Amino acid sequence: MPKTNQVRLTFLSIILITIISILIVTPNVPNWVPQSQFFSKFKPHLGLDLQGGAHLVYQADFSNVDVNDKTSSLDGVRDVIERRVNTFGVAEPLVQVSGEDRIVVELAGVFNVKDAIERIGDTPLLEFKEEGSSTYTSEEIQKIEQENSAQQKLAEEILDKAKNGENFEDLAREYSEDTGSKDNGGIIDFITRDSLDPAYGDVIFDKLSNGQTYDQLVESQFGWHIIKKLDERGEGDNKEVKSQHILFFKKDTSSKAEWVNTQLSGKQLKTANVSFDQTTGAAEVSIEFNDEGKDLFAEITGRNIGKPVAIFLDGSPISIPKVNEKISQGSAVISGNFTLPEAKQLAQRLNAGALPVPIKLISQQTVGATLGKESLDKSLNAGLIGILILTLFMIIYYRLPGLLATIALGIYALIIMSIFEAWPVTLTLSGIAGFILSIGMAVDANVLIFERMKEEVRNGQELAPAIETGFKRAWSSIRDSNFSSLITCFILTYFGSSMIKGFAITLAIGIFVSMFSAIVITKNFLRIAVSGKINKSLWLFGINKKSINQTK
């Protein structure tokens, strides 16, 4: 038999644990309670099926990815989206890989699905591509020449409009194909002659006066230009000219230019920051790669010295710098005629995560809060009815031990709920099912103990030692049963889907606490109960004295 002080100390510990659990699960702890602010911060975390929210499914496009890199690329997409989702401030968002090419995103409590889709889908796809080439077929050359002819004809028509006095800026915004300048009316800021295509430079430096539009199309390596000179400054080699142009691209038929994917993408991106060109002061975005990206970038720049390496964002080239030397430091600069806000936004988006492969939203679903509340109410009602029936059975059949076991189960429920809030564990319907199942297992442990205890009394033992023996005899059965259940929970957690994991985790927590409830709380209560005068009242323990005599 344990010493009286040990029983009292255990009882006080149970009371203390119960009080702490009550404070954690109480929504608004009164201010007069010490550390009320600390306990008030714990809140229940409800999953998508209980709270409502957004359920999105994305499909990754692996058309340009090596088969061996699919798994790592999909994991990269999941990590990037997870970082993006975390900026929403959503409690316990779920982002997981589903199948071979899908990502499932569940945002509990997020009902503005459009905003969520835009913020996730707006994540940029950053790619580095190198130049490749092949020969056009005669049919392709003929088609390109027809397209170029049409482009030149359109350029001549727009030139006539400009010569007839139509607003040059408006024409540039409507027709120019130079994405870097069309939005500001085709203006190219002050620039030296060496930085321009020779044909373009000859016109604005030698053939035009300020405010004058050249009366002929100018053909450069890029296409046909309609050019207007705006201003000039400096002298000699330092002379700079500000101009305005409308560009119509032409295609080169000599070779088929292709941009070939390298292995370098947003997956290897470490950080992005806004910087400024030391010469022009233009806003840029400097990027730095991780160790894998650093090595890849060194290889790419090493084999493309004197050639361009294009930086693509969301499928469009935003910068095509020429490589002058091998870059081994693992950093690069993206320049694309950015305004400062544009550069800041791009850096922010890249830092939030650039996708290693494109993704496409293939399914979106919203779970209403009303539906979630209805499910929660039904689950709680089912749990309460089950506990009530269980309580009545335990008290009627086992009497005083049943009552003590019921009180222990109440404490068990408080401890479980406090763990769910303090951990925290996101409660879903499957999680609640695991919790309710663990209540049944806790009762099962008490039944085993009480039956062993009654057997000992029928065999002639006094009540107090019978309790100790009953617990010892029942322990091996409780231990083996719960241990096998915990192994099942571990397997379900490791291999199961999110719903199965939620069930397994709450069940595992319930099993641990149920053992504590049966072996510590119920046992302590029984020790206190038999220490008084009621130890002679065997009917309170559901034992008939006649059964003792018969056994003897």
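What does the extension gain come out to for residue 486 and residue 139, with contour length at 0.36 nm per residue minus their alpha carbon separation? Extra length available between residue 486 and residue 139 comes to 118.0 nm. Once both labels are positioned 7 Å from their Cα atoms along Cα-to-Cβ, the gap between residue 213 and residue 68 label points is 5.8 nm.
Using only alpha carbon pairs under 8 Å that are at least six residues apart, calculate the relative contact order of the chain and give it in whole percent. List each step's numbers first, then the result.
On the way: 905 pairs, mean separation 101.6, N = 552.
Taking the mean separation of contacting Cα pairs over the length of the chain, I get 18 percent.
For the chain, take the longest principal axis of its alpha carbons; what is the angle in degrees between that and the long axis of helix 4-25, to the nearest 10 within 0 to 90? So the inclination is approximately 40 degrees.
Highest average first, the peptides 228-240, 472-484 ordered by how many other beta carbon atoms sit within 10 Å of their residues are 472-484, 228-240.
Straight Cα distances below 16 angstrom link residue 143 to the aspartates and glutamates 252, with same-chain residues fewer than 8 positions distant left out.
On a 29 Å Cα-Cα criterion, which of the cross-link pairs 161/344; 153/344; 250/270; 250/344; 267/326 come out too long?
Details: 161/344 38 Å; 153/344 40 Å; 250/270 37 Å; 250/344 33 Å; 267/326 21 Å.
Distance filter (> 29 Å) returns 161/344; 153/344; 250/270; 250/344.
Which shape class applies to segment 221-283: rounded if a/c is under 1.5, otherwise prolate when a/b exceeds b/c and oblate if not, where a ≥ b ≥ c are the square roots of the Cα gyration tensor eigenvalues? All intermediate terms of the calculation are to be shown ahead of the outcome.
Details: a/c = 2.98, a/b = 1.26, b/c = 2.36.
Taking the square roots of the gyration eigenvalues as a ≥ b ≥ c, segment 221-283 is oblate.
Amide H contacts under 5 Å for residue 275: 284, 285, 286, restricted to partners 5 or more places along the chain or on a different chain, H placed in the peptide plane at 1.01 Å from N. Packing around the peptides 143-153, 434-444, 279-289, taken as the average count of other Cβ atoms within 10 Å per residue, puts them in this order, highest first: 434-444, 279-289, 143-153.
For the chain, the longest principal axis of the Cα atoms and the long axis of helix 340-352 meet at an angle of about 40 degrees.
Per DSSP H run of n ≥ 4, the term is -39500 (n - 2.57); total these for the chain, divide by its residue number, and report the mean residue ellipticity at 222 nm rounded to 500 deg cm²/dmol.
Details: 17 runs with 272 residues, N = 552.
So the calculated ellipticity at 222 nm is -16500 deg cm²/dmol.
When a/c reaches 1.5 or more, the comparison of a/b and b/c decides; with that in mind, is segment 162-221 rounded, prolate or oblate per its Cα gyration tensor? Oblate is the answer for segment 162-221, as a/c is 1.5 or above yet b/c matches or exceeds a/b. One decimal place: the segment residue 79-residue 303 gains 77.6 nm when fully extended, by the rule 0.36 nm per residue minus the C-alpha distance. Computed from the C-beta positions of residue 8 and residue 374 and an R0 of 56 Å, the FRET efficiency is 0.75 to the nearest 0.05. Checking [x] 37.5, 126; [y] 24.0, 77; [z] 35.8, 117 against Rg and Dmax of the Cα atoms in Å calculated from these atoms, the matching label is [x].
A simple rule links phi to the HN-Hα coupling: the Karplus curve 6.51 cos²θ - 1.76 cosθ + 1.60 with θ = phi - 60°, which for segment 483-488 gives 5, 5, 5, 5, 4, 4 Hz, with x for Gly and Pro. Split the accessible area of the chain by element, probe 1.4 Å, and carbon with sulfur accounts for 53%. Rounded, prolate or oblate: which one fits segment 442-522, using the alpha carbon gyration tensor with axes a ≥ b ≥ c (rounded when a/c is under 1.5, else prolate when a/b beats b/c, else oblate)? The shape class here is prolate.
The protection proxy used here, the mean number of other Cβ atoms lying within 10 Å of each residue, ranks peptides 21-32, 407-418 as follows, highest first: 407-418, 21-32.
Across all C-alpha atoms in segment 357-510, the radius of gyration and Dmax reach 19.7, 76 Å.
For segment 434-450, 3J(HN,Hα) computed residue by residue from phi via the Karplus equation (6.51, -1.76, 1.60; θ = phi - 60°) reads x, 5, 5, 5, 5, 5, x, 5, 5, 5, 4, 5, 5, 4, 4, 5, 5 Hz, glycine and proline entered as x. The string of couplings for segment 47-55 from the Karplus curve (6.51, -1.76, 1.60, θ = phi - 60°) is x, 4, 6, 9, 9, x, x, 10, 10 Hz, one whole number per residue in order, with x for Gly and Pro.
Quantify how much of the Cα-Cα distance distribution of segment 472-515 extends past 11 Å, in percent. That fraction is 62 percent.
Have a look at the DSSP beta bridges in the chain and tell me what percent are antiparallel, nearest 5. Don't jump to the answer; show the numbers that get you there.
Numbers: 64 of 67 bridges.
That works out to approximately 95 percent antiparallel.
The residues of the chain expose, per residue, 54 Å² of accessible area to a 1.4 Å probe.
Using alpha-carbon positions, what is the distance between the centroids of segment 411-440 and segment 16-42, in Å? First find each Cα centre; the distance between them is then 18 Å.
Once amide H atoms are built 1.01 Å from N in the peptide plane, which residues 5 or more positions from residue 188, or in another chain, come under 5 Å H to H? Under 5 Å from the amide H of residue 188: 243, 244, 245. Amide H contacts of residue 428 (H built 1.01 Å from N, in plane; Pro and chain starts excluded): 47 sit under 5 Å, all sequence-distant by 5 or more or on other chains. Counting only alpha carbon atoms, the long axis of helix 400-422 and the longest principal axis of the chain meet at about 10°. Projecting label points 7 angstrom from Cα along Cα→Cβ for residue 31 and residue 512 puts them 3.7 nm apart.
The values are calculated or read from the model by the stated rules, or taken from the named source; none is laboratory data. Since we're looking at a predicted model, the values are computed, not measured. We place every Cβ from the backbone using ideal geometry, glycine too, and count neighbours over all the protein chains shown. Remember, those area values only see protein heavy atoms, side chains included, never the ligands or the DNA or RNA. Shrake-Rupley method; radii C 1.70, N 1.55, O 1.52, S 1.80 Å.
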